[in-house]
1. What is the one condition in (1) free of Cβ contacts under 8 Å to residues at least 60 places away in the same chain; (2) more than 18 Å from the chain's Cα centre (by Cα) that Asp170 does not satisfy?
2. Could you say whether any residue in segment 352-365 is in contact with a Ser or Thr (Cβ under 9 Å, 6 or more places away or on another chain), surrounded by 15 or more Cβ atoms within 10 Å (Cβ to Cβ) and not small (Gly, Ala, Ser)?
3. So in segment 353-374, with the set limited to residues that are of a type outside the set (D, E, K, R), under 28 Å from Asn297 (Cβ atoms) and modelled with pLDDT of 80 or more, which one is nearest to the chain's Cα centre (by Cα)?
4. Condition test on Asp169, is it at pLDDT 95 or above, surrounded by fewer than 15 Cβ atoms within 10 Å (Cβ to Cβ) and under 30 Å from Lys306 (Cα atoms)?
5. Do you know which residues across segment 26-40 are within 19 Å of Gly83 (Cβ to Cβ) and either charged (D, E, K, R) or touching a residue at least 60 places away in the same chain (Cβ under 8 Å) (or both)?
6. What tally of residues in segment 218-250 results from selecting those that are under 25 Å from Ala181 (Cβ atoms) and touching an Asp or Glu at 6+ places or on another chain (Cβ under 9 Å)?
7. Going through Thr112, Thr116, Thr185 one at a time, which residue ends up being under 23 Å from Leu16 (Cα atoms), out of contact with any Gly (no Cβ under 7 Å at 6 or more places or on another chain), among the polar types (S, T, N, Q) and outside any helix (DSSP H, G or I)?
8. Which of the residues that make up segment 35-86 are under 28 Å from the mean Cα position of the chain (by Cα), of a type in the set (Gly, Ala, Ser) and closer than 17 Å to Gly12 by Cβ?
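The values are calculated or read from the model by the stated rules, or taken from the named source; none is laboratory data. The model shown is predicted, which means the values in this text are computed figures rather than measured ones. Please note: Cβ atoms are built from the backbone with ideal geometry, for glycine as well, and neighbour counts cover all protein chains shown.
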Amino acid sequence: MKLGLNGLGRIGKLSLWHHVGRKHFSGIVANTGREIGQSLEDLAASIEKDSSYGRLNNFLHGWKGGRVIENINHAEGTMTVNGVPVKILRESRNPKDIKWKENDVRIVVDTTGVFTDPTADPDSGYGAFRGHLVGGAEKVVLSAPFKIKAKGMEMPGDAITTVMGINEDDYIPSKHNLISAASCTTTCLSYMMKPLLDHVGAANFLSASMVTVHAATGSQKVLDSLPSTGATDLRKSRSILNNIILTTTGAAKALRLVIPEMKDIGFIAESVRIPTSTGSLIVLVLNLQDTLEDPINRAKINGIYKKFSQTNPYLIYSEEQNVSSDIIGTPAAATIIEGTETHTRTAAIRVNMDRLGCAGKGDKDEPNFLSVPVTQAVIYGWYDNELGSYTNMLADRVVSIAEQMV
């Protein structure tokens, strides 16, 4: 089976790196939709070198690695990368016009970040995610969360969001043709929440919030520029090289699709972009209903993660003192829990029963007040938002889908 890649940006290029090393697919067909540089050699040079992860040959073979891109044929749009045949399509950017069927591609990963609406009509406008099916693909995986633009539209029945190791069994091969692999942040967050939900129970979560301290992405500006017409967030036009920039994240919304229990928990998700190329961190804050006699503490929380990591390879529990560069490239680690920085505090919160319309139903000595034991927990989770965490896990998701195709 051949793999199709639409786009060779950060995730597309690093997906290519992963798959030419893994060699699960017999060949790769990558669509750029345009000429790159002056020849296919220029595209090969772009594939071969990476500012965050070094050279492809060193990534694959260490210090012994020689050049791994060979047999470049500009006219045919072909090359071999680490022995894997790779064909580059350069004619069409609209998904429905990409020649997947002609090139025997049955499964496609769209990494462009442009086509994210599973409800969009393939025949309207610039193009649509569903257009890949028109082009001949049977399964299409999105390397981003779905975003439905039209108000009131429901998620189509053939679309689903999954995170490998969390809810991949929700995918039904006979039903789902459009699959979102969520985002790097949602992937990390799901592995921070799932072990605690399984152990503590969703009913005992009073509230939750997170902030992702996130590396820069390709959508940000290198230098200050004028805002786009109609822009509401002027910070998006400011230089990521010089600033810490407050922004937004859709992780909370996407998490509810992956872990349905989150729908019953008040949750806030925020994002801060920082001037690093990759390597990000989630700071998760939880308020849990507890008991004063045997409260949830740091040792218990770390024990939950440690036990979960023993059966699920996508979560790593660490007691090292890490910095962000330490986790870059860590293979298929959705989350690396920084166990040394887990903190908890348990205290009795006084609830005014009169404000709840329950005056006189509180504690015996203070009938208008009720003492509720609450534990606040702060947990840190690292993730390599490009290759190490997200791209490697995306590849596992793609391979698992391909293995179920007849």
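1. (2)
2. No, because not a single residue in segment 352-365 is in contact with a Ser or Thr (Cβ under 9 Å, 6 or more places away or on another chain), surrounded by 15 or more Cβ atoms within 10 Å (Cβ to Cβ) and not small (Gly, Ala, Ser).
3. Val374
4. Considered against the rule, which asks whether it is at pLDDT 95 or above, surrounded by fewer than 15 Cβ atoms within 10 Å (Cβ to Cβ) and under 30 Å from Lys306 (Cα atoms), Asp169 comes out as yes.
5. Matches in segment 26-40: Gly27, Val29.
6. Residues in segment 218-250 being under 25 Å from Ala181 (Cβ atoms) and touching an Asp or Glu at 6+ places or on another chain (Cβ under 9 Å): 3 in total.
7. Values: Thr112 fails: out of contact with any Gly (no Cβ under 7 Å at 6 or more places or on another chain); Thr185 fails: outside any helix (DSSP H, G or I).
Unique residue meeting the criteria: Thr116.
8. Those that are under 28 Å from the mean Cα position of the chain (by Cα), of a type in the set (Gly, Ala, Ser) and closer than 17 Å to Gly12 by Cβ: Ala44, Ala45, Ser46, Ser51, Ser52.
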